[in-house]
1. Out of all the residues in the stretch B:19-74, which are touching a strand residue (DSSP E or B) at 6+ places or on another chain (Cβ under 6 Å) and hydroxyl-bearing (Ser, Thr, Tyr)?
2. Any residue at all in the stretch A:94-117 that's under 16 Å from residue B:57 (Cα atoms) and buried (at least 16 other Cβ atoms within 10 Å of the Cβ)?
3. Only one of these is more than 21 Å from residue A:77 (Cα to Cα), modelled with pLDDT of 95 or more and out of contact with any helix residue (DSSP H, G or I) (no Cβ under 7 Å at 6 or more places or on another chain): B:72, B:65. Name it.
4. Which residues, taken from the stretch B:62-74, are surrounded by 18 or more Cβ atoms within 10 Å (Cβ to Cβ), outside any strand (DSSP E or B) and in contact with a Leu (Cβ under 9 Å, 6 or more places away or on another chain)?
5. From A:97, A:58, grab the single residue that is within 10 Å of another protein chain (Cβ to nearest Cβ) and either in a strand (DSSP E or B) or of a type outside the set (Val, Ile, Thr) (or both).
6. Counting only residues that are of a type in the set (A, V, I, L, M) and surrounded by fewer than 16 Cβ atoms within 10 Å (Cβ to Cβ), how many does the stretch B:15-37 have?
7. Here's a check for you: in the stretch A:10-40, which residue that is of a type outside the set (A, V, I, L, M), within 13 Å of chain B (Cβ to nearest Cβ) and farther than 21 Å from residue B:6 by Cα is surrounded by the fewest Cβ atoms within 10 Å (Cβ to Cβ)?
8. Would you confirm, using the coordinates I've provided, whether residue A:68 is within 12 Å of chain B (Cβ to nearest Cβ) and out of contact with any strand residue (DSSP E or B) (no Cβ under 6 Å at 6 or more places or on another chain)?
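The values are calculated or read from the model by the stated rules, or taken from the named source; none is laboratory data. Just so it is clear, the model here is predicted, and its values are computed rather than measured. As a convention, Cβ positions derive from the backbone with ideal geometry for all residues, glycine included, and neighbour counts pool all protein chains shown.
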Amino acid sequence: MSGKVEAGAAGVAGRTYPPVTFQIEPGRVAAFARAIGADPEAGVPPTFAAVYSLGVTGPQLFGDPDAAVDFARLLHAEQEFTWTRHPRPGESVSSQGHVASDVSRRGMRFVSFETETTDSAGEPLCRSRALFVIRS
Amino acid sequence: MSTRAVTFTKQQIADYAQASGDHNPIHLDDDFAKTVGLPGVIAHGLLQMGLMATTAAEAAGGPDRLRRLHCRFSGMVVPGDTVTFTAEPVGPGKLELRAVNQRGEPVLTKSIAEYLE
């Protein structure tokens, strides 16, 4: 196996999607906390970033006809979140997604998707880095 | 070291789908999951990561202290599986994270947390 990039498979590397604003609704935060066994009174759980960061930008990638992601064959292989600070319930945040790389090899496609989330003053809150594998 | 064992249920996976907004049918519909080669519904990787983060937050002294989490989703988790989540201090502000199922197979690997001490 050469591991070379298949012809025509450069995909959507480098693409940046428009920023999306999201209101961190306290009831949803509490439901999320209960689902992961966290204290619903202890503020926004760190991995609520799966909602306010990756969760609002991921659908832009999945819905992009040029990206042609087959949702049924999508596997979430790796995830990283880094936080400058954690948002508070009720806060409004803005998230922008970016395709860092999109490579196909050996019948598998690897998409690295990054999202930057900032607060209403434009200060950084969170960065999400997801690695998706799409089986052919 | 903080550790916790969780037995996954279809209800818990459905609750996470609802709370997170990730309604991919591979997590909710057994028949659909089988059409894409899965044994049936599987847990969201991000549900595993959320549970892992809850254990990591305990070890870090509170969720607000977490500054970085990285997980590799290495194994499928299906309803009925019992996964033991462990966060172990390995240096200043660093935790090694492990999640292992009832057969001893790792489901999260190369996973770490960093936190403010």
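1. B:55, B:74 - these are the residues of the stretch B:19-74 that are touching a strand residue (DSSP E or B) at 6+ places or on another chain (Cβ under 6 Å) and hydroxyl-bearing (Ser, Thr, Tyr).
2. Taking every residue of the stretch A:94-117 in turn, none turns out to be under 16 Å from residue B:57 (Cα atoms) and buried (at least 16 other Cβ atoms within 10 Å of the Cβ).
3. B:65
4. B:65, the sole residue that qualifies.
5. None of the other options fit; the residue is A:58.
6. Start the filter on the stretch B:15-37 by keeping residues that are of a type in the set (A, V, I, L, M), which leaves B:17, B:19, B:26, B:28, B:33, B:36.
Right, trim to surrounded by fewer than 16 Cβ atoms within 10 Å (Cβ to Cβ) and you get B:36.
Number satisfying all stated conditions: 1.
7. Step by step, filter the stretch A:10-40, then rank; the result is A:27.
8. no
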